[in-house]
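*Asks:* Below you will find the structure I want to go over with you.
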Amino acid sequence: MPDAEGSKPVRIGLLGRGTVGAAFAALLAERAAAVEAATGRAPELAGVLTREEGNFAAILDDSDLVVELIGGTEPARDYVLAALRAGKPVVTANKQLLAQHGDELFAVAREAGVQLRFEAAVAGVIPIVRAIQEGFGATEISKVFGIVNGTTNFILTEMAASGAGYDEVLAQAQQLGYAEADPSDDVSGADAAAKMAILARLAFHTPVTLSEVSYEGIEGIQPDDLAYAKELGLSLKLLGAAERRDGGVSVRVFPCFLYRGHPLSPIEGPFNAVMVEAPAITEVTMSGPGAGGLQTASAVLGDVVSILAGDAPVHETRGELPIVADITSSFYLHLEVADEPGVLARIATVLGDHDVSVKSVVQRGAGEDARLVMVIHECLESRFAAALAALGELGELRSPPRSIRVIEEQF
């Protein structure tokens, strides 16, 4: 905002007063003096738009800055575009809007010469957007990855600690307010995928849309997967990864096991953590609460302060990199097998025929409870998928094979 405004109050138009919007309105009133001390401008609400109250055109006309917290893509997209075109800076926590319409929004913000801030859209109170855009703005980032969904991290943490099943722990997460009544976006990986599309765009300065992010969820995770993981020294997380690969970028969300030496391994409960890797910085890890109305509102208020304190760069695409779909990974493989001689040898033959090698194997149970648990050395995911399909044809398997990626990297 211009310095010439001096001590004139800044009027904020608030779109949406749900959990986050109500928390932001309360926090704005509570911290108004601190905002004025930091920026020289006292904030005040110009109006609030909900389904039942307010008029967008009137609020826009009376506002110096717009905060969008209604969620969804429509009418949020229309409102944000209108505000930017009117020369009003915008703060949003809307990850779906940015993941699906980021190119358009950033272009309009640059054309209008105003800021579009969205720290609260990714990883709760962790200032990862500011770090990538400003702290690492001139750094060639090679990889951004982390735990960006607190709901799934809570579920996996509780499943590992208690041995309870997915459905039981999901119900517990809903009772505690960590999961929505309809948790499908969280548990399917869709929520994390939208966040990773945003982070990939920022880190690599290339357009990445939600449709280009492959994602898997945690619905199929079984308690015995977590029990065997403990024996192998592994912990399970839903991980988002955006990295440079083979002249392009790979952006994915998937459940994976981490060894104890990995910085993300000890992140438990509803917490998020994001790592940034680059040759110039090696790696930086940031962690903090990943959800909650007050926490998200705090990140929104931080963006408001940033706008009032001075200009910051609007994201700009520097080139278009191809999406790389087939990359190398290590895998955990769980097989329920017939308890008879030669089974392990036949499985090893199938894996060997597909150039898939075994790092470690654990045999458990007997009779109808016999099973093999393996960790597979890193190989092309397409090659492993072919091996998995061939294993599924073996008569010795009592159920389809289950697999989960394993991150070998330790620090």
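The values are calculated or read from the model by the stated rules, or taken from the named source; none is laboratory data. These numbers come from a predicted model, not from an experiment. For neighbour counting, all protein chains shown are included, and Cβ atoms are generated from backbone atoms with ideal geometry for every residue, glycine included. Note: areas computed on protein heavy atoms with side chains; ligands, DNA, RNA excluded. Shrake-Rupley method; radii C 1.70, N 1.55, O 1.52, S 1.80 Å.
*Asks:* Just need the Rg to Rh number for the range 218-324, please, alpha carbons only, Kirkwood Rh.
*Replies:* 1.04
*Asks:* Filter K95/K143; K237/K359; K8/K95 down to the pairs with a C-alpha to C-alpha distance above 27 Å, please.
*Replies:* Values: K95/K143 20 Å; K237/K359 21 Å; K8/K95 32 Å.
Distance filter (> 27 Å) returns K8/K95.
*Asks:* Measuring from a point 7 Å past the Cα of S382 along Cα-to-C-beta, which residues in the range 299-331 have an amide N at less than 20 Å?
*Replies:* Those under the cut-off are 321-331.
*Asks:* For the chain, list the DSSP H helices whose alpha carbon atoms reach 20 Å or more along the long axis and whose average Kyte-Doolittle value is -0.5 or above?
*Replies:* On the way: long enough: 95-112 (22 Å, -0.22); 190-204 (21 Å, 1.17); 293-309 (24 Å, 1.40).
Span-like helices here: 95-112, 190-204, 293-309.
*Asks:* Under a point spin-label approximation (7 Å from Cα along Cα-to-Cβ), what is the Y259-S184 distance to one decimal in nm?
*Replies:* Going by the 7 Å Cα→Cβ label model, 3.9 nm.
*Asks:* Continuing with the same structure: What is the Å³ per residue value for the convex hull set by the Cα atoms of the range 1-86?
*Replies:* Residue-normalised Cα hull volume stands at 91 Å³.
*Asks:* On to the next question. Summarise the accessible area of the range 211-274 (1.4 Å probe, protein heavy atoms) by the percent that is carbon and sulfur.
*Replies:* 48 percent
*Asks:* OK, next. Please calculate how many Å² of accessible area the range 249-293 carries per residue, with a 1.4 Å probe and no DNA, RNA or ligand atoms counted.
*Replies:* For the range 249-293, the per-residue accessible area is 34 Å².
*Asks:* On to the next question. Starting from the Cα-Cα distance between D369 and A325, subtract it from 0.36 nm times their residue separation and give me the gain in nm to one decimal.
*Replies:* 12.2 nm
*Asks:* Could you compute the net charge surrounding G189? Neighbours are other residues with a C-beta less than 10 Å from the C-beta of G189; K and R count +1, D and E count -1. Mind showing how you got there, number by number?
*Replies:* Details: positive: R252; negative: D185, D186, D191, E216, E219.
Summing Lys/Arg as +1 and Asp/Glu as -1 gives -4.
*Asks:* Search the structure for amide H atoms under 5 Å from the amide H of E408, placed 1.01 Å from N in the peptide plane, and list their residues when 5 or more places away or on another chain.
*Replies:* Those qualifying (amide H under 5 Å, at least 5 residues apart or on another chain) are S330.
*Asks:* Net charge near Q222, counting Lys/Arg +1 and Asp/Glu -1 over other residues with Cβ under 12 Å of its Cβ?
*Replies:* -3
*Asks:* OK, next. To the nearest whole percent, what portion of all C-alpha pairs in the chain is separated by more than 40 angstrom? It would help to have the intermediate numbers written out before the result.
*Replies:* Working: 19856 of 84255 pairs.
Here the tail beyond 40 Å accounts for 24 percent of pairs.
*Asks:* T50 accessible area, nearest 10 Å², 1.4 Å probe?
*Replies:* Result for T50: roughly 40 Å² accessible.
*Asks:* Go ahead and run the numbers for FRET between Q222 and E283, Cβ-Cβ distance against an R0 of 30 Å, rounding to 0.05.
*Replies:* So the FRET efficiency works out to roughly 0.40.
*Asks:* Give, as a single signed number, the net charge of other residues whose beta carbon lies under 13 Å from the beta carbon of R346, with Lys and Arg counted +1 and Asp and Glu -1.
*Replies:* Its environment carries a net charge of -4.
*Asks:* Let me ask another. Tell me, what is the per residue accessible area of the range 50-200 in Å², probe radius 1.4 Å?
*Replies:* Details: 5590 Å² over 151 residues.
That works out to 37 Å² per residue.
*Asks:* To the nearest 10 square angstrom, how much accessible area does K359 have with a 1.4 angstrom probe?
*Replies:* About 90 Å², ignoring ligands and nucleic acids.
*Asks:* Could you calculate the FRET efficiency of A345 with R110 from 1/(1 + (r/R0)^6), where r is the beta carbon distance between them and R0 is 60 Å, rounded to 0.05? Before the final figure, lay out the partial values.
*Replies:* Working: r = 62 Å, r/R0 = 1.04.
In this case the efficiency is close to 0.45.
*Asks:* Here's something else I'd like to know. Residues with amide H under 5 Å of Q115's amide H, sequence separation 5 or more or different chain, H placed in the peptide plane at 1.01 Å from N; which?
*Replies:* V90
*Asks:* If I take every Cα pair under 8 Å that is 6 or more residues apart in the range 3-75, average their sequence separation and divide by the length, what percent do I get for the relative contact order?
*Replies:* 47 percent
*Asks:* Å³ per residue of the Cα convex hull, for the range 174-276?
*Replies:* 125 Å³
*Asks:* Looking at the range 282-365, which GluC sites (Glu not before Pro) are DSSP coil and have at most 16 other C-beta atoms within 10 Å of their C-beta? Don't skip to the end; give the middle numbers.
*Replies:* Numbers: sites: E283, E316, E320, E336; in loops: E316, E320.
When the GluC sites (Glu not before Pro) of the range 282-365 are filtered for loop state and at most 16 Cβ neighbours within 10 Å, E316, E320 remain.
*Asks:* Under unit Cβ charges (Lys, Arg +1; Asp, Glu -1), what dipole magnitude, rounded to 20 debye, does the range 164-285 have relative to its Cα centre?
*Replies:* The calculated dipole for the range 164-285 is roughly 580 debye.
*Asks:* Defining a contact as two alpha carbons under 8 Å apart and six or more residues distant in sequence, what relative contact order in percent does the range 341-402 show? Working shown, then result.
*Replies:* Numbers: 51 pairs, mean separation 19.0, N = 62.
Once divided by the residue count of the range 341-402, the mean separation gives 31 percent.
*Asks:* Next question, about the same structure. What ³J(HN,Hα) values, in whole Hz, does the Karplus curve 6.51 cos²θ - 1.76 cosθ + 1.60 give for the range 394-407 when θ = phi - 60°, with x put for Gly and Pro?
*Replies:* Taking θ as phi minus 60°, the curve returns 5, x, 6, 8, 8, 7, x, x, 10, 9, 9, 5, 10, 8 Hz for the range 394-407.
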